[in-house]
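Following: one structure in structure tokens, then a few remarks.
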Amino acid sequence: MEPWKYYLDRLGERVGRTPPNLLGREDLIAEAAHEAYQSTTNRLTAEGWDEEEAITVTRMFGQTVKHWLDTGNRDWDDLADRTREAYERWVAGEITEG
């Protein structure tokens, strides 16, 4: 499974259980993003990724979520597109830091 997809699946497991109009939902999403970061980093290193690269790519995913939250967007498909695109740009060498 692609790292961006694994990350989103971990994030979605928790966010999907959160009511869309819940007060403080953004804070819960941010917390879930951190948990997804940890889970994805652990999985990537277990699969043989260099730890620094695993941290870099998962940090990039977290920044993508943060930007998505900052824009007020709540379209999950948009977040998936942004995360996939960020990963593809990282793989292509267009992004070097998270």
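The values are calculated or read from the model by the stated rules, or taken from the named source; none is laboratory data. Please read all numbers here as calculations on a predicted model, not as lab measurements. With ideal geometry, Cβ positions are generated from the backbone for all residues, glycine too; neighbour counts draw on all protein chains shown.
Quick look at the numbers
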| read-out | value |
| --- | --- |
| Residue ID - farthest from residue 76 (Cα to Cα), chosen from residues in segment 17-42 that are part of a helix (DSSP H, G or I) and touching a residue at least 40 places away in the same chain (Cβ under 8 Å) | 26 |
| Condition met for residue 32 (modelled with pLDDT under 95, among the small types (Gly, Ala, Ser) and within 15 Å of residue 9 (Cα to Cα)) | yes |
| In segment 1-41, the residues that are over 11 Å from the mean Cα position of the chain (by Cα) and closer than 16 Å to residue 82 by Cα | 2 |
| Of the criteria (1) surrounded by 14 or more Cβ atoms within 10 Å (Cβ to Cβ); (2) assigned to a helix (DSSP H, G or I), which one residue 95 fails | (2) |
| Criterion (modelled with pLDDT of 95 or more, among the aliphatic types (A, V, I, L, M) and touching a Leu at 6+ places or on another chain (Cβ under 6 Å)) met by exactly one of 46, 54 | 54 |
| From the options 14, 74, 82, 89, residue that is outside any helix (DSSP H, G or I) and among the basic types (Lys, Arg) | 74 |
| Contacts under 9 angstrom Cβ, first residue in segment 84-97 being among the hydrophobic types (A, V, I, L, M, F, W, C), partner surrounded by 12 or more Cβ atoms within 10 Å (Cβ to Cβ) and part of a loop (DSSP other than H, G, I, E, B), 6 or more apart | 86/95; 90/98 |
| Residue that is surrounded by the most Cβ atoms within 10 Å (Cβ to Cβ) [pool: residues in segment 74-92 that are closer than 19 Å to residue 13 by Cα and of a type outside the set (A, V, I, L, M, F, W, C)] | 83 |
